[in-house]
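The values are calculated or read from the model by the stated rules, or taken from the named source; none is laboratory data. These figures come from a predicted structure and were not determined experimentally. Backbone-built Cβ (ideal geometry, glycine too); neighbour counts: all protein chains shown. In case anyone asks, the SASA skips ligands and DNA or RNA and just uses the protein heavy atoms, side chains included. Shrake-Rupley method; radii C 1.70, N 1.55, O 1.52, S 1.80 Å.
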Amino acid sequence: MSENHDTRAMDTTMSVAYRQLATRDMALVVAGIAAGLMAIVAVLGPMRTVDTLTLLQRLAYFGVITITGVPVLFASGFFILYVLRNVRVRYVMLALVLMCAFVAVPWAALSMVLYAAFHGGAFPTVSYRAVYAFGILISGFGTGFSFYVLYQKASRTTHRNSVSKANGTATESPGSPAGTDAADLTQTRAVSTSGDGPNGSAPGKAPELRLPPEIGRDIVYAHVTGHYVEVVTTSGRAVVYSRLADVAEAMHGQGMQTHRSYWAAYRHIRRIRSDGHRVLLHLTGGRKVPVGRSFRSSVRAYLKRRTAP
C-alpha cells in the first residue's frame, strides 16, 4: 500500500504543478539547467565539433540551438501539464517523453543547418539519425531534471498551503494571484450528488464540496494523501485542501469511512474481499480501498443490510 500511496501523492501534487511551472523562479531553474547542459555539451564537442571549432565557437553554436529549442520545450511542457493535470503522473511522464521525441525532430535539423553555417557550408559527417538520438537524450535529461525540481516545488507549496488552510489563514501561492486562498488553487464548483444511504434512504442536501468541473460529480472515494485529501470521481481526481472528516461531512449520508485515511461512496461499493493480511473494499471501475480493522464490522454490517431481502 505504501508504493500506491506514494504514487497517489505524486499524482495529486502534480495536478497543480503546471501553475508552478508558469512562474519566474521555475523559468530561471529551467534556464539554469539548459545553460548547464549546453556548457557541458560545448566542452565535450559532439558531432566532431571538438576538432573543428574552438571552445568559444562551440559555446556560440550550441548556445543558438539551446536558445531556439528550450522555449519550445518549456511551452510544450506547460501545455502538457495543464491538459493532463488530472491524469496519473505516469501518463504525464510518457507524454513528456513523446514531447521530447517530437521537438527533437526540427531541433536535429536545425543543428545540422547551423553546423553548415559554422563550417562554411559543409554538413556534419554524422547522420541525421545520430543527431536526432542525441537531441532526444539531451532534451529528455533536461526535461526529466526540470520535472523533478518542479515536483519538489509543487510538493512544498501544497504542504505549505494545506498547513495555512488548517490554521485558517490564506496564503499566496507562486503562480496564483496575490491573496488567493489555498482552496482556490483549482477552478471549483459546488457538488451535490445523489446516492444510497446505509438503509437505502435518500440523503439530505449535502454541504458544499468544491471540485474541478471537468472531473464531474460522481464521487467514488476520497483518501488522505500527505496533508490534503484526494477526491476520486468516475471521470478523474482532484486535491481538496481539507480534512477527510470534512469531506465525509460534506457527503453526509452518501458514503462511509472504511479506513482512517479512506472514505467510499455507498453507490460504488461492490463487495469486500480479503487479500492476505489486508481487507479490501472493491468499488466500481476496478478500484479498491483498504478497510481498517476498526471499520470492518461496520462495513460488513452495511453490506449485509444492503443485500438483505
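Where helices (runs of 4 or more DSSP H) fall entirely within region 1-107, those with at least 3 residues that are at pLDDT 80 or above are at 24-44, 49-52, 55-83.
What's the number of the condition Asn86 fails, among (1) farther than 29 Å from Val239 by Cα; (2) touching a strand residue (DSSP E or B) at 6+ places or on another chain (Cβ under 8 Å)? Every listed condition holds for Asn86 apart from (1). Looking across region 118-134 at every residue that is outside any loop (DSSP other than H, G, I, E, B) and without any contact (Cβ under 8 Å) to a residue 60 or more places away in the chain, the one that is most open to solvent (accessible area, probe 1.4 Å) is identified as Arg129. Applying the criterion of being among the β-branched types (Val, Ile, Thr) and more than 17 Å from Lys304 (Cβ to Cβ) to the residues of region 242-289, the residue that is surrounded by the fewest Cβ atoms within 10 Å (Cβ to Cβ) is Thr284. Somewhere in region 18-30, is a residue open to solvent by less than 70 Å² (accessible area, probe 1.4 Å) and polar (S, T, N, Q)? Yes: region 18-30 contains one or more residues that are open to solvent by less than 70 Å² (accessible area, probe 1.4 Å) and polar (S, T, N, Q).
Among the residues of region 290-309, those that are touching a strand residue (DSSP E or B) at 6+ places or on another chain (Cβ under 9 Å) and open to solvent by less than 70 Å² (accessible area, probe 1.4 Å) comprise Pro290, Val291, Gly292, Phe295, Arg296, Ser298, Val299, Tyr302, Leu303.
Of all the listed residues (Tyr61, Tyr82, Tyr115), the sole one being surrounded by 13 or more Cβ atoms within 10 Å (Cβ to Cβ), touching a residue at least 12 places away in the same chain (Cβ under 8 Å) and out of contact with any helix residue (DSSP H, G or I) (no Cβ under 7 Å at 6 or more places or on another chain) is Tyr115. Is one or more of the residues making up region 129-139 within 16 Å of Ser76 (Cβ to Cβ) and under 21 Å from the mean Cα position of the chain (by Cα)? Yes, there is a match, as at least one residue in region 129-139 is within 16 Å of Ser76 (Cβ to Cβ) and under 21 Å from the mean Cα position of the chain (by Cα).
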